[in-house]
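The values are calculated or read from the model by the stated rules, or taken from the named source; none is laboratory data. In this text the structure is predicted, and so the values were computed from the model without any measurement. As a convention, Cβ positions derive from the backbone with ideal geometry for all residues, glycine included, and neighbour counts pool all protein chains shown. Accessible surface is based on the protein model in full, side chains and every heavy atom, while ligands, DNA and RNA are left aside. Shrake-Rupley method; radii C 1.70, N 1.55, O 1.52, S 1.80 Å.
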Amino acid sequence: MATSLKTSSTFCSTQQNRWLQPTRDLILHSSSHSNVKQCKSKKIKRPASLCVKATSSKVELDFNDPSWKQKFQEDWEKRFNLPSITDIYDLKPRPTTFSLKKNRTPTGDENVDMWNGYVNNDDRALLKVIKYSSPTSAGAECIDPDCSWVEQWVHRAGPRKEIYYEPEEVKAAIVTCGGLCPGLNDVIRQIVFTLETYGVKNIVGIPFGYRGFFEKGLKEMPLSRRLVENINLNGGSFLGVSRGGAKTSEIVDNIQARRIDMLFVLGGNGTHAGANAIHEECRKRKLKVSVVAVPKTIDNDILLMDKTFGFDTAVEEAQRAINSAYIEARSAYHGIGLVKLMGRSSGFIAMHASLSSGQVDVCLIPEVPFTLDGELGVLGHLEHLLKTKGFCVVCVAEAAGQDLLQKSGATDASGNVILSDIGVHMQQMIKTHFKDIGVPADVKYIDPTYMVRACRANASDAILCTVLGQNAVHGAFAGFSGITSCICNTHYVYLPITEVIKAPKRVNPNSRMWHRCLTSTGQPDFH
């Protein structure tokens, strides 16, 4: 996957400049764009050559320089180095209390080297494994115009031999923020289990998101293995959720007052940004507090990760809605089944649900523009489908087609723009269109939003939640802070929060997965 991208607005789209994709935190200067300044440090010898300035480390890269790869990797290593409480405290580690050997009461004299179950701090996992031979390859993510292979290593997650906290002295807190998502209870449960395995006795839950840090009357909830043992059998959050929150300084004041040593934050992009702000404020105050996030969003829209927990379950649950729409449409004369699925900024749920169902004729996502009217519009294609097969099913992501709607300008408690309802709009437009042309059409509209996110995690997500929750605790005891526990390239890793909150992850319209979706639906370009 690619890192986040801040390119100048003067550049063409990533579909036209696919080799720019993975360097989103870099400012690129090209001689091929007259309104972008060329690098001054080197004279560009060939039209495709570029100089790249990394904003994080002020390192300039010239692709004519034979050592540009080394400079890129050095900058990469600096950016993906994990923040730690040892950055501000001179701490001596102690042997870990985490062991799965039969003897669970370490004496201090035992040799932890005897058990081969720990991750070395120098262990790394590759973020990308495909070498693209050309920027024109499907889904190509290249750093330079020649699509050179550059190793991009990230830190492997898991228990370490040495830890930086005394478990019996630790107070750990868990908070779930944002909207509901399948798997929240699974993660809470595993965090508690793993903390107790280390020997932590003081574990609390912060009720109703960040609000629990400042709202009067909301008291922290003592947690234990016995209390959370069966919470994974239900959907929702055992601790409750809410959007928004107090100022970062007020939250950290509360963390200090409660003497919290570890804070585990479960949430999406906005929640991760909040967790990073809390981490930075703790560092500023030189507090020995580890802030570790666990990525939760059914939209699957967090950078660099294979997937976030809740996504698989959301796609599976969406099948029920799509199947209902299919049955309704097929059973009616000129039936049209219309399903709106969640996806605030990305169309991953709609794309994967359409692929897995095999019943969708049209999939509309925010990353791919479309028109409703005209010869190449969606409505014209629906006419064709009714003529040729007698019915059709349309799946649309909630953020798709927002350019066709009037914007409200309002925001929710988390600061997210409140989207206009594309599902209702399309329902009305489809009905009006077929009425105007004198063709009967029976439109069945289904919006399963809250059904999708309120259900219990399926087996795939339950496993992901289990590992992410365990690794979050391992990361905190290893002294890391300002990190997130996630899965990249099928391996469990830690990433600095700063690298995953730069922008939402979005579907690449040039990717093989989107091409597969188009092949499955058979839909044309709608613009």
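Numbers at a glance
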item	result
Residues satisfying the stated conditions in the range 155-179, i.e. aliphatic (A, V, I, L, M) and farther than 25 Å from ASN489 by Cβ	ILE163, VAL170, ALA172, ALA173, ILE174, VAL175
Candidates ILE206, ILE191, ILE163, ILE174 - the one that is in contact with a Gly (Cβ under 6 Å, 6 or more places away or on another chain) and either within 14 Å of HIS474 (Cα to Cα) or surrounded by fewer than 17 Cβ atoms within 10 Å (Cβ to Cβ) (or both)	ILE191
Residues within the range 202-238 that are touching a residue at least 12 places away in the same chain (Cβ under 8 Å), under 24 Å from VAL467 (Cβ atoms) and outside any helix (DSSP H, G or I), tallied	12
All positions within the range 229-251 that are polar (S, T, N, Q) and under 12 Å from CYS177 (Cα atoms)	SER237, SER242
Those helices (runs of 4 or more DSSP H) lying entirely in the range 418-481 with at least 2 residues within 20 Å of VAL241 (Cβ to Cβ) and either in contact with a strand residue (DSSP E or B) (Cβ under 8 Å, 6 or more places away or on another chain) or at pLDDT 95 or above (or both)	449-453, 459-477
Residues located in the range 118-177, provided they are within 25 Å of the chain's Cα centre (by Cα) and assigned to a strand (DSSP E or B)	ARG124, ALA125, LEU126, TRP153, VAL154, HIS155, ARG156, ALA172, ALA173, ILE174, VAL175, THR176
Selection from the range 239-266 of residues that are over 20 Å from SER84 (Cα atoms) and in contact (Cβ under 8 Å) with a residue 60 or more places away in the chain	LEU239, GLY240, VAL241, SER242, ARG243, GLY244, GLY245, ARG258
Extreme residue, surrounded by the fewest Cβ atoms within 10 Å (Cβ to Cβ), among residues of the range 300-349 that are hydroxyl-bearing (Ser, Thr, Tyr) and touching a strand residue (DSSP E or B) at 6+ places or on another chain (Cβ under 8 Å)	TYR333
PHE238 aromatic (Phe, Trp, Tyr), open to solvent by 20 Å² or more (accessible area, probe 1.4 Å) and more than 20 Å from the chain's Cα centre (by Cα)	yes
Residue match in the range 389-399 (condition: of a type outside the set (D, E, K, R), surrounded by 13 or more Cβ atoms within 10 Å (Cβ to Cβ), part of a loop (DSSP other than H, G, I, E, B) and at pLDDT 95 or above)	yes
Top-ranked residue of the range 490-527 - restricted to ones that are more than 23 Å from LEU404 (Cβ to Cβ) and aromatic (Phe, Trp, Tyr), ranked as surrounded by the most Cβ atoms within 10 Å (Cβ to Cβ)	TYR494
Residue list for the range 243-270, restricted to those being part of a loop (DSSP other than H, G, I, E, B) and open to solvent by 20 Å² or more (accessible area, probe 1.4 Å)	ARG243, GLY244, GLY245, ALA246, LYS247, ARG259, ASP261
Among the residues listed as ASP373, ASP299, ASP306, the single one being more than 30 Å from LEU464 (Cβ to Cβ) and assigned to a loop (DSSP other than H, G, I, E, B)	ASP373
